[in-house]
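J.: Shown below is the structure under consideration.
The values are calculated or read from the model by the stated rules, or taken from the named source; none is laboratory data. Every value quoted in this text rests on a predicted model; they were computed, and no experiment measured them. Methodologically, a virtual Cβ is constructed for each residue, glycine included, from the backbone with ideal geometry; neighbour enumeration extends over all protein chains shown. Each accessible area value is taken on the protein alone, full model and side chains, heavy atoms only, with ligands, DNA and RNA left out. Shrake-Rupley method; radii C 1.70, N 1.55, O 1.52, S 1.80 Å.
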Amino acid sequence: QVQLVESGGGLVQAGGSLRLSCAASGTIFSINIMGWYRQAPGNQRELVALITSGGSTNYADSVKGRFTISRDNAKNTVYLQMNNMKPEDTAVYYCNLHIVTADHWGQGTQVTVSS
């Protein structure tokens, strides 16, 4: 059984920064992909950023240059540093762990950016 526990969400003003963390526990293969997705009210869940166990990254165009994803493989933890935040970044952010053909999700953490 895999569990993902997120932390770090909250309220920030436009231009500010937040850092999200997600710790995975349970049976986790060393080769995997961890990532962050977000869902705003009325919208579909969308990819924010991914990072492989080897360190390769992929970002949504809307966050390139502002967000940075990183991970600590020893701790099975993924981070999302969010800088220069915009009101349109407001959403529930979900941590994802992809192992082979299985996807595991965190409970989500609310991020609100005020203008």
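J.: For Ile31, tell me the accessible area in Å² from a 1.4 Å probe, rounded to the nearest 10.
T.: 130 Å²
J.: A further question on this structure: Which order do Trp36, Trp105 take when ranked by solvent-accessible area (1.4 Å probe, heavy atoms of all protein chains), largest first?
T.: Heavy-atom accessible area, descending, gives Trp105, Trp36.
J.: Size of the dipole of segment 35-75 about the Cα centre, Lys and Arg at +1 and Asp and Glu at -1 on the beta carbon, nothing else charged, in debye to 20?
T.: 80 debye
J.: Also: Apply the Karplus curve 6.51 cos²θ - 1.76 cosθ + 1.60, θ = phi - 60°, to the phi angles in segment 11-16 and return the couplings in whole Hz, x for Gly and Pro.
T.: Values, residue by residue: 10, 9, 7, 4, x, x Hz.
J.: About its Cα centre, what dipole magnitude does the chain give when the only charges are +1 on Lys and Arg Cβ and -1 on Asp and Glu Cβ, stated in debye to the nearest 20? Write down the numbers at each step before the final one.
T.: Working: 8 positive and 7 negative charges, 34 e Å.
So the dipole magnitude of the chain works out to roughly 160 debye.
J.: Turning to a different aspect of this structure: For Thr109, Thr52, what's the largest-to-smallest order of accessible area, 1.4 Å probe?
T.: Ranking Thr109, Thr52 by accessible area, largest first, yields Thr52, Thr109.
J.: Suppose all protein chains stay in the model; what accessible area per residue would a 1.4 Å probe give for the chain, in Å²?
T.: 53 Å²
J.: Right, next: Just going by the charge dipole of the chain, with Lys and Arg at +1 and Asp and Glu at -1 on Cβ, which of Ile28, Ser7, Val92 is farthest out on the positive end?
T.: So the residue furthest toward the plus end is Ser7.
J.: I've got another one for you. I'd like the carbon and sulfur percentage of the solvent accessible area for segment 42-115, probe radius 1.4 Å, heavy atoms only, ligands and nucleic acids excluded.
T.: Accessible surface attributable to carbon and sulfur in segment 42-115 totals 45 percent.
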